[in-house]
Every structure is written in structure tokens, then in C-alpha cells.
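Novice: I'd like to ask some things about the structure below.
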Amino acid sequence: MDFQIALFLGQDGLTNGAIYALLALALVLVFAVTRVIFIPQGEFVAYGALTLASLQAGNVPATLWLVLALGVAVALLDGVQAMRHGSTRRLPRIILVNLAVPALLWLVLGSADLATLPLLVQILLALAIVVPLGPMIYRLAYQPIAEASVLMLLIVSVAVHVVLIGLGLLFFGAEGTRTPAFTDGMLDLGVTTLQYQTLWILASSAVLIVALYVFFGRSIYGKALRATALNRTGARLMGISTTMAGKLSFTLAALIGAFSGILISPITTLYYDSGFLIGLKGFVGAIIGGLASYPVAAAGAILVGFLEAYSSFYASAYKEVIVFTLIIPVLLWRSLTSHHSEEEE
Amino acid sequence: MSTVSEKPILLEATDLCVSYGKVEALHKVSLRIREGEIVTVIGPNGAGKTTLLSCLMGLLPGQGEVVYIGRSLGNDDEVEERVGLGLTLVPEKRELFADMSVEDNLLLGAFDRYRRGQRDYKVTMDEVYAIFPRLKERAGQMAGTLSGGERQMLAMGRALMAKPRLLMLDEPSLGLAPLIIREIFKTVARLRDMGVSVLLVEQNARAALQVADYGYVLETGEVSLEGPSSELINDPRVIEAYLGLGGKH
């Protein structure tokens, strides 16, 4: 391997690693707050990218129907619960969030000439369609069993993953798509060239990671999510509802997933089922962080990116095997170094 | 209805029953808390004191009637809603956010009020720091590194950040040194003067009865005795069972 290739692979590794890092952070967040191992994280990557591609082709993305359907289901469930509770004052909000917003999206999508919209508007629309799926899925699949064991929640995750993959095939077909780069062209650095899209990915990931850091470190809602992760009972006693925390963490995870998909779809062809493998690599990073430490998870995910890039050069056929084998020494090291404290539940 | 000296009722529980599966932990417990009063529930280990508080806070479902400021509370009313109504519990285990700073713990105590648009948490925090100056010294420290007494102060301070109408304290003296216990009880009395009603559950019967206005004795899930604290503290049955020989002072 000469320097040129090493540099090229390093660039590739860093780009993928940045995306894995984002997904790893989302996985740690969801697990810490809700104890859900969020296998469908990757589906949001694919849904985000394919919804954008579908918008750019001038079609109304089929994911919109899913938002409408889930919105109706959530509104029914929450509506009936609120009525039984006798708290009719909650109804307007339930209807607004779950029915009015998706319907408004439908109107906008139906009336605009989607293919000719500026890229930024298309991206915002794609996010507006895909991100609400996060809290809706939480409400329907996880909230009713929020107190169940981690294993049970994991089983539900597998089910949600399978359903979303199937729906993805139905919505987008088996064809893969790519979306145009945010900015075309290459940056010549002398020793190597960088695609502008690569810079977009690195910069956006960095901005998003810093934004998350500020959110968790400074805002009261971010602190409330951390509090729920640290001590669920304590948080409830402060009026921080487990449901609110769950929905908020799923919203963030959906946003991170969908945005990651939108970032990488100009450099990789994404299929309806591509998200799974991408999500799993983020998961390896999250495991390196013990599903608890954000910085270690992010660093681990970047390591996964590099490992993948270099192993695709040395042993391209075994690239996935090498990446996923990494989890074994990590688990071994974690089981040897971690200790249980008595006070933890 | 009530005489002039009697303050309005803040919370009234009637025939409260709570069961863990087939085991009944509380049997037809009735109690009444008036505004600006300290009411204490004393009794031995396992009498159901913590269960009573958990049920009033909505952590455990129960049967019977609970009326709080004229509003009936049912099992549907979740903990988070009760916090919004001004009920706050400081649990026996404190349930602090160990890996967060003292200041962040306090801040989250005001979460519910913040969510409702009351953004004056800084003012409340200064009030809490005035009550517990020690917390101000420790503001940047992680809650998990505090001493037992400081942890109890933080748990109480965090609860006060919610500006509760009824503060429920579960065994605030548990595991603390006598000097600190005295300080904690002094604070409880001060809170009453500030207009907060307190439901105090304690094994330390003497300290609790000295500070409280009214007391209940809970034994094996039932109220065996009740009355103004000044009477209970001189009641031979209480002296024998809970205060020991030094009970009369």
C-alpha cells in the first residue's frame, strides 16, 4: 500500500466512521433512555435517503402514507385514552400532532412541483416525513411495554425492523438510488482529492455531534433525558415522564438516522435494506462504548470506519467479517473490566 | 363545618388499601393533612409507611379515595401529573441523579414548572441555596460524591425546586448522624413556616413527633393510633413502643 492509497482509504474510513458515529450516538441515546436496542435505526437511514430520492424524482414518497397511517393509529390510541381519562383538553394537541401535521404535509407534497424544489427544501421535506415515524413507532410498539425486560424490547425491535424492511421494499422497490451531491466537484489538496460531499458529511457530522453535546450539556430537556437514563424513578418524581423521554429520544434517533441517509446517498447507492448493515456498524461502535458512553461510542464507530476501509483493501471479501469480529475482543475486554455496582437496578 | 382555627384540608385519604399481589400492605388507612401542617406517620419497619407514600404519589395503584385540593386522585393519575398538582415525594432511597452535578439535580427539580412555562428556576434555586448553604458550596460537584447528609439535603432541595404544596418525606433521617438529623428536622419546621405542608414518614418517632402538628401510628398496614403530636408524645402506648424509657422529658 502506498501513501496515496492509505490516504484514500483513510478518507473513506473517516467518512463512513463519521456516519457510524452518528448512528452509534443515537443507539446509545435510545438505549440509555428507554433500554431499547434500536435495531430499526438503520431503516431510518434508508428511508431518509430513499424518501429524498423519491422527492427528487417528482413523486410523493410512499413513506408519507406510513406517516398518515401511523398518525391515525396513534391519534386513535391516545384519543381513546384521553377520553377514558376524562382529559378532553389533551385532544386538540393529539389531533394536531398526529393528524393535522401529516395532512398538511400531504397537502404541501400534493401541490408542489417536487422535482424542481431547491435541494434544501427537498431535504427538509424528506426529514419532515421520516422523522415523525420515530416517536410514532415508539408510541405504538414500545410505549405499551416500556417496563418490559431488555430482551422483550429487543424482540420487538427485531419485529419492527422486519416490518420496516418489508415496507421499504413495498414503498421503494428493489432498485437502489443515489441522490445528487449537495455540491458537485472535488477539492484538490495536492496529495489527494476530496469530494465536496465528503466534506459535507464530515462537517455535518461534526456539527450534529457538537449540537448533541450542547443539547445534553446545556438544555433542560437534554438534561431531563440524561436524568431518565440515570434514574427513571427519580426522573418521574420530578415530573419527567418516561413516555416524553422515550418519544424525544426516538425523535432524535429518527432525525439522526434519516439525516445520515441523506448525507451518504450521494456517495453510496442505497437500497431499501441497506440501512441494516450500516446501522449494525454503528451498533458495533455503540457496544465499544458499552451502550453508555457517548464519546467512546463515537470513537469506536470511527475505528469501525477505518477498520472497514483498510480491510476492504487487504481482504475485501472478509471486510464485514473483520468489522463484526471486532465485537468479540471488545465484549471480552468489557466483561473483564466492568463491575456491577450494587445500587444499579 | 370547621372551626375558625382549623385550616383547610389539603389532602384526605379514606380507606386506602394497597396490595402487592395477594399480600395486603395497607388496610383501610385514612389520613388527613391540613394546609401548612406537618403530619407525621410513625411506625415500625414494614408497617407500610413507604407504601403509603408511594400510593399517594401515584407510584403504586391502590383502592380507596384520595382527595387533594378538592380533586379526586385515581390510579389513572400518573406520577408526572401529581407533580404538576404540587405533590412531591422525597423517597427513602433519595433517587438522585448521581452522575450529574448538584446544580443540575436542582434544576431538574424545576423541570415540570419549566415545561409549563415558569422559567423562574434561578430565583427558586437561590431560595433553596439559602435553606441549604452547603448545596451552594457543592454546586458543581457530582451528586454521587456527596455525603449522606448532603444527599438528603439535595433530595429535599430538588423537591423544593418544584415549589410543592405538599412535600412528602420518606425517612429523611435514615442513616444520618444525629447532628445532621437535627438540622434536617429544623429545616422541616422552617418549611412549614414558609407555607409548605409536609407529610413526614419516620422511624425516628421522637424527632418526628416533636416537629409535627399531628401524628398517625401505622402498624402492620393499619392506623392503630392518631392524634395531635403533643398528645401522642405523652401517650403511654407510644412511649412504650416507640419512645422507650426516655420518652417523657
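The values are calculated or read from the model by the stated rules, or taken from the named source; none is laboratory data. Computed from a predicted model, the values in this text were never measured in an experiment. As a convention, Cβ positions derive from the backbone with ideal geometry for all residues, glycine included, and neighbour counts pool all protein chains shown. Surface accessibility is based on the protein's heavy atoms, side chains included, excluding ligands, DNA and RNA. Shrake-Rupley method; radii C 1.70, N 1.55, O 1.52, S 1.80 Å.
A quick yes/no check of all residues on (1) at pLDDT 90 or above; (2) assigned to a loop (DSSP other than H, G, I, E, B):
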position: A:Glu308; (1), (2): yes, no
position: A:Phe313; (1), (2): no, no
position: A:Glu320; (1), (2): no, no
position: A:Phe324; (1), (2): yes, no
position: A:Leu331; (1), (2): no, no
position: A:Leu336; (1), (2): no, no
position: A:Ser341; (1), (2): no, yes
position: A:Glu344; (1), (2): no, yes
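Novice: When A:Phe250 is evaluated against the numbered criteria (1) within 23 Å of A:Ile137 (Cβ to Cβ); (2) within 11 Å of another protein chain (Cβ to nearest Cβ); (3) open to solvent by less than 10 Å² (accessible area, probe 1.4 Å), which criterion, by number, is the only one it fails?
Specialist: Of everything listed in (1) within 23 Å of A:Ile137 (Cβ to Cβ); (2) within 11 Å of another protein chain (Cβ to nearest Cβ); (3) open to solvent by less than 10 Å² (accessible area, probe 1.4 Å), A:Phe250 misses just condition (2).
Novice: Something else now. Under 8 Å by Cβ, and 6 or more places apart or on different chains, what pairs join a residue from the stretch B:178-200 that is over 20 Å from B:Met57 (Cα atoms) with one that is part of a helix (DSSP H, G or I) and open to solvent by 30 Å² or more (accessible area, probe 1.4 Å)?
Specialist: So the pair list comes out as B:Ile180/B:Gly148; B:Phe185/B:Gln210.
Novice: Scanning for something polar (S, T, N, Q), under 14 Å from the mean Cα position of the chain (by Cα) and buried (at least 22 other Cβ atoms within 10 Å of the Cβ), does the stretch A:254-264 turn up at least one residue?
Specialist: Checked against the condition, which is being polar (S, T, N, Q), under 14 Å from the mean Cα position of the chain (by Cα) and buried (at least 22 other Cβ atoms within 10 Å of the Cβ), the stretch A:254-264 yields at least one hit.
Novice: Also, quick follow-up: Only one of (1) on the phi > 0 side of the Ramachandran plot; (2) within 13 Å of chain A (Cβ to nearest Cβ); (3) not hydrophobic (A, V, I, L, M, F, W, C) fails for B:Gly48. Which number is that?
Specialist: All conditions pass for B:Gly48, except number (2).
Novice: Given the options B:Asp104, B:Asp99, B:Asp76, name the one that is closer than 20 Å to B:Leu160 by Cα and more than 15 Å from the chain's Cα centre (by Cα).
Specialist: Values: B:Asp99 fails: closer than 20 Å to B:Leu160 by Cα; B:Asp76 fails: closer than 20 Å to B:Leu160 by Cα.
Only one candidate qualifies: B:Asp104.
Novice: Where in the stretch A:146-232 are there helices (runs of 4 or more DSSP H), lying fully within it, with 1 or more residues that are touching a strand residue (DSSP E or B) at 6+ places or on another chain (Cβ under 8 Å) and within 14 Å of chain B (Cβ to nearest Cβ)? It would help to see each step written out before you state the result.
Specialist: Details: elements: A:150-172, A:196-218, A:220-230.
Correct list: empty, since no element meets the threshold.
Novice: Pick from B:Arg182, B:Arg192, B:Arg206: which is surrounded by fewer than 21 Cβ atoms within 10 Å (Cβ to Cβ), among the basic types (Lys, Arg) and touching a Leu at 6+ places or on another chain (Cβ under 8 Å)? Let's see the steps before the verdict.
Specialist: Working: B:Arg182 fails: touching a Leu at 6+ places or on another chain (Cβ under 8 Å); B:Arg192 fails: touching a Leu at 6+ places or on another chain (Cβ under 8 Å).
One residue alone meets the criteria, B:Arg206.
Novice: Mind checking which helices (runs of 4 or more DSSP H) fall wholly inside the stretch A:1-92 and carry at least 2 residues that are without any contact (Cβ under 8 Å) to a residue 60 or more places away in the chain?
Specialist: On the way: elements: A:3-34, A:41-56, A:63-85.
Filter on the stretch A:1-92 gives A:63-85.
Novice: If you scan the stretch B:92-125, which residues turn out to be at the interface with chain A (Cβ under 7 Å from one of its Cβ atoms) and under 26 Å from B:Leu174 (Cα atoms)?
Specialist: B:Glu95, B:Leu96, B:Phe97, B:Ala98, B:Asp99, B:Met100, B:Asp104, B:Leu107, B:Leu108, B:Gly109
Novice: Turning to a different aspect of this structure: Do any helices (runs of 4 or more DSSP H) lying entirely in the stretch B:37-112 carry at least 1 residues that are open to solvent by 10 Å² or more (accessible area, probe 1.4 Å) and under 18 Å from B:Tyr20 (Cβ atoms), and which ones are they? I'd like the intermediate steps shown before the answer.
Specialist: Details: elements: B:49-57, B:79-84, B:102-109.
Per the criteria, B:49-57.
Novice: While we're on this one: For A:Ala309, indicate whether it is more than 16 Å from A:Gly13 (Cβ to Cβ) and open to solvent by less than 10 Å² (accessible area, probe 1.4 Å). Spell out how you get there, then give the answer.
Specialist: On the way: more than 16 Å from A:Gly13 (Cβ to Cβ): no; open to solvent by less than 10 Å² (accessible area, probe 1.4 Å): yes.
No, not satisfied.
Novice: Going through the stretch A:237-247 one residue at a time, which ones are buried (at least 23 other Cβ atoms within 10 Å of the Cβ) and either at the interface with another protein chain (Cβ under 9 Å from one of its Cβ atoms) or assigned to a loop (DSSP other than H, G, I, E, B) (or both)?
Specialist: A:Leu237, A:Met238, A:Gly239, A:Ile240
Novice: Do the conditions hold for B:Ala143, that is, is it touching a strand residue (DSSP E or B) at 6+ places or on another chain (Cβ under 9 Å), at pLDDT below 95 and buried (at least 19 other Cβ atoms within 10 Å of the Cβ)? So that I can check it myself, show each step before the final result.
Specialist: Working: touching a strand residue (DSSP E or B) at 6+ places or on another chain (Cβ under 9 Å): yes; at pLDDT below 95: no; buried (at least 19 other Cβ atoms within 10 Å of the Cβ): yes.
Taking the combined requirement at face value, the residue does not satisfy it.
Novice: Now for a different question. Filter the stretch A:102-124 down to residues that are open to solvent by 20 Å² or more (accessible area, probe 1.4 Å) and either charged (D, E, K, R) or under 14 Å from A:Gly261 (Cβ atoms) (or both), then give me how many there are.
Specialist: Summing the residues that are open to solvent by 20 Å² or more (accessible area, probe 1.4 Å) and either charged (D, E, K, R) or under 14 Å from A:Gly261 (Cβ atoms) (or both) in the stretch A:102-124 gives 1.
Novice: Taking the condition of being free of Cβ contacts under 8 Å to residues at least 40 places away in the same chain, out of contact with any Phe, Trp or Tyr (no Cβ under 8 Å at 6 or more places or on another chain) and open to solvent by less than 60 Å² (accessible area, probe 1.4 Å), how many residues in the stretch A:153-192 meet it?
Specialist: Residues flagged as free of Cβ contacts under 8 Å to residues at least 40 places away in the same chain, out of contact with any Phe, Trp or Tyr (no Cβ under 8 Å at 6 or more places or on another chain) and open to solvent by less than 60 Å² (accessible area, probe 1.4 Å) within the stretch A:153-192 amount to 2.
Novice: Okay, moving on. Being more than 21 Å from the chain's Cα centre (by Cα) and in a helix (DSSP H, G or I) is the requirement here; does A:Arg139 meet it?
Specialist: Working: more than 21 Å from the chain's Cα centre (by Cα): no; in a helix (DSSP H, G or I): yes.
It is false that A:Arg139 is more than 21 Å from the chain's Cα centre (by Cα) and in a helix (DSSP H, G or I).
Novice: Which fully enclosed strands (runs of 3 or more DSSP E) of the stretch B:139-222 have 1 or more residues being on the phi < 0 side of the Ramachandran plot and within 14 Å of another protein chain (Cβ to nearest Cβ)?
Specialist: Numbers: elements: B:166-170, B:197-202, B:214-219.
Correct list: B:166-170.
Novice: List every residue pair whose Cβ atoms sit under 9 Å apart, with the two residues 6 or more apart in sequence or on different chains, where the first one lies in the stretch B:68-80 and is more than 11 Å from chain A (Cβ to nearest Cβ) and the second, anywhere, is among the basic types (Lys, Arg) and open to solvent by 90 Å² or more (accessible area, probe 1.4 Å).
Specialist: Final answer for the pair search is B:Tyr68/B:Arg165; B:Ile69/B:Arg165.
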